[in-house]
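A quick write-up on the structure given underneath.
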There are 2 protein chains.
Amino acid sequence: MGGVRRTPQRTAVLETLGRCREFVSAQELHALLAGGGSAVGLTTVYRALRALDRAGLVDVVRDETGERLYLRRPTDEHRHYLICRRCGRSQPVDARDVEAWAERLGETTGFAELEHTLELSGVCRPCRRPTAATPNGAADAGR
Amino acid sequence: MGGVRRTPQRTAVLETLGRCREFVSAQELHALLAGGGSAVGLTTVYRALRALDRAGLVDVVRDETGERLYLRRPTDEHRHYLICRRCGRSQPVDARDVEAWAERLGETTGFAELEHTLELSGVCRPCRRPTAATPNGAADAGR
DNA sequence: ACACTAGATGAAAATGATTGTCAAGACCGA
DNA sequence: TCGGTCTTGACAATCATTTTCATCTAGTGT
């Protein structure tokens, strides 16, 4: 018992996810798999991603709609990313200060088993088009 | 044009929300309103909460399922909360260090219009008591 | 090789929060 | 009072994610 089987589906999921250089949703991954010839059921994709998450092999973020996005984790440690709201490009950030701060929180608050999620977003430099023609149109109209 | 009307429904939402000492979901708030005699449509509750969010009058967090939870903001500045996964109790934390860190991030990464959300959770001290003779009379088990 | 079984698959249906629709109603200035 | 704009709310639609459940399979023990 206690076995985690190696199956073609899981192999395909992990492999395809490994080829993605940016965060992808389960739905996108499912479409990618279907397009790539190796059709894997949507349910299986979800299950595989959940397993990978539990195993600590992927980083997970939630976009503004709450949808989960996955990226195969390059290193074996917990990371945070700054993601562009326009193009979706992600960039890992050095969050050691925050990690230390969060850890200290346990001592000062009396809370145990602390967990934290940190979502960072912005607009990356390339996406910040000059918009010279529009006077004040560039002001933050959104959200 | 451009007017935000004062209506009984919005008053009821804001008032009921103000009476909640912990984060509540839109659905819970809707039920509370119904139970309290002032029935407000679920759609209206959602719209009111979104408006309050935009106006900066409430703090919003997302629980592990992605559901949005609201709490009327006591002060007028952006806050972060540490929330107990067992009883739902919330406790504001001093996150000025993180705020400063996040602000600095804009300079070092070249990203603009930075936004961040930070979800902190743990198990509060009262909840850590190993199932004694049910000492949690006050601690609402709900959510 | 063979049988066996805990694990794994996936199509379809269920879940559940949130949003869109749109006709009917309410607020408020003129 | 009048009228147009804002608001409301029942209902349907959306959509990611989970459940269900019948069927299949990887991998161990024999």
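The values are calculated or read from the model by the stated rules, or taken from the named source; none is laboratory data. The model shown is predicted, which means the values in this text are computed figures rather than measured ones. Cβ placement follows ideal geometry from the backbone for every residue including glycine, while neighbour counts extend to all protein chains displayed.
Residues in the stretch B:30-59 that are farther than 21 Å from residue B:5 by Cα and in contact with a Leu (Cβ under 7 Å, 6 or more places away or on another chain): B:59 only.
For the residues A:47, A:85, the requirement of being modelled with pLDDT under 95, more than 7 Å from every other protein chain (Cβ to nearest Cβ) and over 30 Å from residue B:127 (Cβ atoms) singles out A:85. Of the residues that make up the stretch A:21-40, is at least one within 14 Å of chain B (Cβ to nearest Cβ), small (Gly, Ala, Ser) and within 14 Å of DNA strand D (Cβ to nearest atom)? Yes; the residues of the stretch A:21-40 include at least one that is within 14 Å of chain B (Cβ to nearest Cβ), small (Gly, Ala, Ser) and within 14 Å of DNA strand D (Cβ to nearest atom).
Find the residue count for the stretch A:42-63, including only residues that are of a type outside the set (A, V, I, L, M), within 13 Å of residue A:119 (Cα to Cα) and within 12 Å of DNA strand D (Cβ to nearest atom).
From the stretch A:42-63, those of a type outside the set (A, V, I, L, M) are A:43-44, A:46-47, A:50, A:53-54, A:56, A:59, A:62-63; that's our starting set.
Filter once more, keeping what is within 13 Å of residue A:119 (Cα to Cα): A:59, A:62-63.
This time we only want the ones that are within 12 Å of DNA strand D (Cβ to nearest atom), so: A:62-63.
Residues flagged as of a type outside the set (A, V, I, L, M), within 13 Å of residue A:119 (Cα to Cα) and within 12 Å of DNA strand D (Cβ to nearest atom) within the stretch A:42-63 amount to 2.
What helices (runs of 4 or more DSSP H) completely inside the stretch B:1-118 contain at least 3 residues that are within 15 Å of the chain's Cα centre (by Cα) and within 16 Å of DNA strand C (Cβ to nearest atom)? Spell out how you get there, then give the answer.
Working: elements: B:8-19, B:26-35, B:42-54, B:96-109.
In the stretch B:1-118, the matching helices (runs of 4 or more DSSP H) lie at B:8-19, B:26-35, B:42-54.
Just to be sure before I move on: is residue A:16 over 20 Å from residue B:117 (Cα atoms) and either touching a residue at least 40 places away in the same chain (Cβ under 8 Å) or of a type in the set (Val, Ile, Thr) (or both) in the structure I sent? So residue A:16 fits the description; yes.
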